[in-house]
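Structure first, then comments.
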Amino acid sequence: MKKTKAVITGLGAITPLGKSVAEYWAGLMAGRSGIRRITQVDLDKYDYPCMIAGEVLEFNPEDYIVHKEARRLARSSLLALAAAQEAVGDARLPGTMPDPERAGVVFGTAIGGIDRIVDEIEVMKTRGFNRVDPFSTATGLPNAPSFVIAREFQCLGVTSTISTACATSTQTIGEAAIQIERGLADVIIAGGTEAAIRDFALAGFSQMRALPTSFNDCPEKASRPFDANREGFILSEGAGAVVLESEDHALARGARIYAEVRGYATSADGFHFAALDPEAAGATRAMRWALQAAGVGLDEVDYINAHGSSTPANDPTETKAIKAVFGEQAYNIPVSSTKSMIGHPLGAAGVLEAISGILAIRHNCLPPTINYETPDPECDLDYVPNTAREHDVRTFLSNSFGLGGQNACLVVSEYIPGQLE
């Protein structure tokens, strides 16, 4: 039985570096940080130890949807819609899918539209039951972004919402590819979104001691994956979307093909809700299984886009996992973390990292890991420090490791025509 290839034909990105794929890539290539002092939280209300984040600045929802609809939706849904619109336009697909029942959406978020719910809880407490917006609960659900995208483009087939913390949108791309390979859809919009820069999130992650506290006066230096002086991840927001198609469908309409999804796998640590397994067994399994699914040899991987969250525990653990999979070959593979520039947008992280890898294939240039200044003996790989690097990329691996020990890994390659057996 022949298995159809899942190819990627459209990209969309809304990030702290800009509101388009072009701005995102330009920021990555320049090694520019999108981390700034927070504007969405009243920092004077509480003594927050961390006052910086990666915000999407000057985002106007009415550039993407009419005001009446925009005011009802959570910010995460609005960011998702914006990214999906760019991806569909980039794929040169019409605004309404020509065969709606063969078009689908696989999208995700770690937290969802919690801003709508939290705001209306405050309305109920201060103004009364009768003033609560009747749409607040429905539009705050995690599947709201999937609904908004499906409605916008009339994707009436395969649909799914995934919520696996920081692994979310790596998993949405992988699951979408499986649906296409099985012949269940011709086109799927996949990705992830997050907009959780709120007081409760800032407080909760601060209480976990997961956020940095020494960089409030120099926010652009705060996210420093693999550096010995890293203190924690930077909470950020954003959205990314990719259009996946079956190879036959894409070729039939003369689509530009960026890349193909070769393999995908997930695994669980089964260890601790927040702490990482120090042996990195779950992360190691996800990478090995993804490479096996792709049929890709260790010497065929040209680049690894790391989870690289800038936490004291993650970076050496991920380094250990990479070395467990690749052995001595690990020292020959460039590894970088785009979170050094955009922070950690939770459920949107994986898709934005996949997009950066796809563009690395297209431009043969690697995004850097900025703020890499002091080597850590436990992190001893080639992290593409501080400056973008020209490098021939044909196949890359993208890692995502989420709270709750949920791991996901993608293998993506340059497109080579031909059916898989």
Report the FRET efficiency, 1/(1 + (r/R0)^6), for D248 and D47, where r is their Cβ-Cβ distance and R0 is 45 Å, rounded to 0.05.
0.15
Can you sort C155, C166, C409, C365 so the residue with the fewest Cβ neighbours within 10 Å comes first?
C365, C155, C166, C409
Report the label-to-label distance for L298 and R32 in nanometres (one decimal), using points 7 Å from each Cα along the Cα→Cβ vector.
4.0 nm
Segment 345-421 to segment 140-190: how many Å between their Cα centroids?
22 Å
Plugging the Cβ-Cβ distance of N229 and N386 into 1/(1 + (r/R0)^6) at R0 = 25 Å yields, to the nearest 0.05, a FRET efficiency of 0.95
Can you tell me which of S160, S236, S169 moves the most in a GNM of the chain? Springs connect C-alpha atoms under 10 Å apart.
S160
Just from its helices, what would the mean residue ellipticity at 222 nm be for the chain, if runs of 4 or more DSSP H residues each count -39500 (n - 2.57) and the sum is divided by every residue, rounded to the nearest 500 deg cm²/dmol?
-9500 deg cm²/dmol
Among the aspartates and glutamates, which fall within straight-line cross-link reach of K45, defined as a Cα-Cα distance under 14 Å, with same-chain neighbours fewer than 8 residues apart omitted?
D199
State, to one decimal in nm, how far the label point of R394 lies from the label point of C218, with both points 7 Å from Cα in the Cβ direction.
4.2 nm
Positive-end extreme of charge dipole, segment 263-413 - chosen from G402, S310, G263 (charges on Cβ)
G263
Within segment 1-50, list the trypsin sites (Lys or Arg not before Pro) lying in a DSSP loop whose Cβ has at most 10 other Cβ atoms in a 10 Å radius.
K2, K45
per DSSP, antiparallel bridges as share of beta bridges in segment 6-252, % nearest 5, sits at 65 percent
Which value in Å is the Kirkwood Rh of segment 263-413 over different Cα pairs?
15.0 Å
Among the lysines, which have Cα under 22 Å from the Cα of K339 when same-chain residues fewer than 8 positions away are ignored?
K19, K221, K320, K323
With r defined as the distance between the Cβ atoms of T96 and L57 and R0 fixed at 35 Å, what FRET efficiency is calculated, to the nearest 0.05?
0.65
The farthest towards the positive end of the charge dipole of the chain, of the residues L43, F135, G240, given +1 on Cβ of Lys and Arg and -1 on Cβ of Asp and Glu, is F135
Report, for the chain, the % of DSSP beta bridges that are antiparallel, rounded to 5.
70 percent
In which sequence would M124, M341, M97, M287 go, from the one with the fewest C-beta neighbours within 10 Å to the one with the most?
M124, M97, M287, M341
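FYI, it's all coordinate maths here, none of it is from the lab. Note that the structure is predicted; figures quoted are calculated from it, not measured. Cβ: placed from backbone, ideal geometry, glycine included. Neighbour counts: every protein chain shown.
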